[in-house]
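What follows is a short report on a single structure.
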Amino acid sequence: MERRFFLGVDLSTQSVTAVAVSLGAGVAGPFSINFDQAYPRYGTRGGVPPSDDPLKVRVNPLLWLEALDDLLGTLQAEGLTRDVAAIGVSAQQHGTVYLTAHAERLLAGLSPTTPLAIGLAEIFSRWECPIWMDASTSAECREITAALGGTAAVARLTGSVATERFAGPQIRKFWKEAPELYARTAHIALISSFVTSVLTGGLAPVDAGDGYGTNLADIRAGDWSGEALDACAPELLTRLPRLVAADRVIGTVAPYLAGRFGFRPDTQVIVGSGDNPCSLVGLGLIGAPDRHAVSLGTSDTYFGYMNGLPEAARSEGHLFGAADGGAMFLVCFKNGSIARERIKDDFGLTWEDVSRILLATPPGNGGRIMLPYVLPEITPRVLEAGVRRYGGLAAEDPAGNVRAVAEAQAMALYLHADWTGRRPERILVTAGGSENPGLLQVLADVFGVEVQTHDVTQSAALGGALRAAHAWLNDHGAVVGWGGLFRSVITPGSGRIIRPAPGASIRFHAPGGLIAAYAACERHVLGRGPDPGEAIRAFRAAFSDG
């Protein structure tokens, strides 16, 4: 019987990962390459090169090409490539890749004997790609906001307020600072559409899951917004990928992919998407608005499926497209594992130590609170990095700091998802932090609901594979639903389930609870409120054992 795999390739901040699924037979992988470990010549730390300016985070795209080449070679060595029916790309959202007018010719003319980084070395008009961690475009965000009529107008039109890391402000900054390089740029890809272009040997479109995270699209019309493009840079429409609203097959693999890595020439490629929309699929959340997800990765994200687009004005959070043509919400926190690792490393701990401390210390941390802004933060918007401690939290207290960073991040997720209008009945957790029992227990206690993992922690790569399977099956005449497709690969309830500890949630949610104290600390840091000492004293009075 012929084997048939569907491949998901995820290019994240720190690594590139592949997962292959065979319907009814489970998952192969993950196969992963860590950038720091595999390519020290690029000098990256956490997947990005150090910068004198903490607001600027840009990556040499040759790193991604080398890693993609090596990953596909690994899959070939595992004997998987010849059985792949379709490929779906996932990639870190918001990053932009700048290509010359020679891009189409170079993509189409690649030789199977030439490594990608050599064959495509002349494709770039700009040798540094701003990624989602870049926060250097505040001036451009203000300019775009003014041109489009204010923050509420920008959010309603594009799904988000003008946001530093998004493609629109980044392109505007590039045009302002390097107009001659902008003039040489014939095509501006998102990272997902760039990787997909490499696979197909031609300039690929981008889907609404990634395309709506640009400040350039009209999310209700499902296409690029002329008004938003005009507010960004001249003649921009001709430089952007075509925008498609839902998943579809866009072609087959390029001949060099078949020749170099052994893919069948009829292997289909579907439109690429961002890692968060792919994780929505990889967690089985399409059509399930009662369950939300938390990704505990380099950044922390809180996201879920929406039946329709909300009309209410808001100043934070984002709306993206979903694989079925619907929508998803997302709230992003830059200081995810970055802050957790800083605290872990400062005290010489292991992740096992962190989990043990979290499971052994009392919820609420005695009113000791941290705002862990190791890097400038996205939510809430904090441009000046720095760890802030309240309630007598001592910098030399390992247990206090471990619990403070975990509780702070969970409470931030809870507070800043309030605009979505619906609290979840269950939270699904993915990415590296989902393997830490202590972090999962803190999430369950703060939200007061069950938290669940599943066996495949690489939900973005899995989502890419499931998207490929869904598009391929429908393209071949099989009408397949998202829920049934997910259950054919992932056994329901196969992951760990963590329930709130008895009496823990009340410490966060009761009058005088820790969430109120944490919110007071946030307001103080943002210059919107007084010293939070009174709120912390109220917590200690309500919970005297704290």
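Computed over the chain, the Cα gyration tensor eigenvalues convert (square root of 5λ each) into semi-axes of 37, 27, 22 Å, ordered from largest to smallest. Rounded to whole numbers, the Karplus 3J(HN,Hα) couplings from phi for the range 342-356 are 4, 5, 4, 6, 4, 9, x, 9, 9, 5, 5, 4, 4, 4, 4 Hz, using 6.51 cos²θ - 1.76 cosθ + 1.60 with θ = phi - 60°, and x at Gly and Pro.
Taking 7 Å steps out from each Cα toward its Cβ at Arg105 and Arg3 produces label points 4.1 nm apart.
So what are the ³J(HN,Hα) numbers for the range 106-121, from phi and the Karplus equation (6.51, -1.76, 1.60; θ = phi - 60°), rounded to whole Hz, Gly and Pro as x? With the stated coefficients, the range 106-121 comes to 5, 5, 6, x, 4, 8, x, 8, 9, x, 4, 5, 8, x, 10, 4 Hz. Ignoring ligands, DNA and RNA, what percent of the accessible area of the chain is carbon or sulfur (1.4 Å)? C and S fraction of accessible area: 51 percent. Of the residues Ile191, Ile118, the one with the largest accessible area comes first in the ranking Ile118, Ile191, computed with a 1.4 Å probe on protein heavy atoms.
Over the chain, DSSP H runs of length four or greater, each weighted -39,500 (n - 2.57), average out per residue to a 222 nm ellipticity of -10500 deg cm²/dmol. Semi-axes of the equivalent ellipsoid of the range 138-284 are 30, 18, 11 Å, computed as sqrt(5λ) over the eigenvalues of the C-alpha gyration tensor in descending order. Among beta bridges from DSSP that stay inside the chain, the antiparallel ones total about 70%. Would you mind counting up the charge near Gly438? Only other residues with Cβ under 12 Å from its Cβ, with Lys and Arg at +1 and Asp and Glu at -1. Net charge around Gly438: -1. Residue farthest toward the positive end of the dipole of the range 69-177, with Cβ of Lys/Arg at +1 and Asp/Glu at -1: which of Ser90, Val154, Thr74? Towards the positive end, the residue furthest out is Val154. For the range 259-330, the solvent-accessible area with a 1.4 angstrom probe is 25 square angstrom per residue. A Cβ-based charge dipole, computed about the Cα centre of the chain with Lys and Arg at +1 and Asp and Glu at -1, lands at about 500 debye. For the pair Arg248 and Ala152, label points projected 7 Å from Cα toward Cβ lie 3.6 nm apart. Using only alpha carbons, the range 493-546 has a radius of gyration to Kirkwood radius ratio (Rg to Rh) of 1.16. Extents of the range 332-433, taken as max minus min of Cα coordinates on every principal axis and listed largest first, are 39, 32, 26 Å.
Backbone geometry of the range 370-386 corresponds, through the Karplus equation with coefficients 6.51, -1.76 and 1.60 at θ = phi - 60°, to 3J(HN,Hα) couplings of 10, 10, x, 8, 4, 10, x, 9, 8, 10, x, 6, 10, 8, 9, 5, x Hz, x marking Gly and Pro. A simple count of charges around Gly29, restricted to other residues whose Cβ falls under 14 Å of its Cβ and scoring Lys, Arg +1 and Asp, Glu -1, yields -4. Counted by Cβ distance under 10 Å from Val354, the other residues give a net charge of +1, where Lys and Arg count +1 and Asp and Glu count -1.
Candidate cross-link partners of Lys56 among the lysines, defined by an alpha-carbon separation under 22 Å and a same-chain spacing of 8 or more, comprise Lys173, Lys176, Lys334.
For Asp418, the accessible area of its heavy atoms, probed at 1.4 Å with every protein chain present, is near 100 square angstrom. The C-alpha atoms of the range 443-519 occupy a region whose extents along the principal axes are 58, 25, 20 Å, arranged from largest to smallest. Annotation: for a label point projected 7 angstrom from Cα along Cα→Cβ of Leu309, residues of the range 145-187 with backbone N closer than 13 Å are 153-161. Dimensions of the range 15-136 along the principal axes, based on C-alpha atoms and rounded to the nearest Å, stand at 48, 32, 25, largest first. Treating r as the C-beta distance of Asn34 and Ala121 and R0 as 25 Å, the FRET efficiency rounds to 0.60.
Ranking Ser125, Ser459, Gly527 by Cα position along the charge dipole of the chain, where only Lys, Arg, Asp and Glu carry charges on their C-beta atoms, puts Gly527 farthest toward the positive end.
Could you tell me the calculated FRET efficiency between Asp418 and Glu450, based on Cβ-Cβ distance and R0 = 25 angstrom, to the nearest 0.05? So the FRET efficiency works out to roughly 0.80. Within the range 90-165, all pairs of alpha-carbon atoms sorted by distance into 5 Å bins from zero give the percentages 3, 14, 16, 16, 16, 11, 10, 8, 5, 2, 0. Of His476, His454, the residue with the largest accessible area leads and the full order is His476, His454 (1.4 Å probe).
The values are calculated or read from the model by the stated rules, or taken from the named source; none is laboratory data. Given the structure is predicted, the values throughout are model-derived calculations rather than measurements. All Cβ positions, glycine included, derive from the backbone under ideal geometry; neighbour counts span all protein chains shown. In case anyone asks, the SASA skips ligands and DNA or RNA and just uses the protein heavy atoms, side chains included. Shrake-Rupley method; radii C 1.70, N 1.55, O 1.52, S 1.80 Å.
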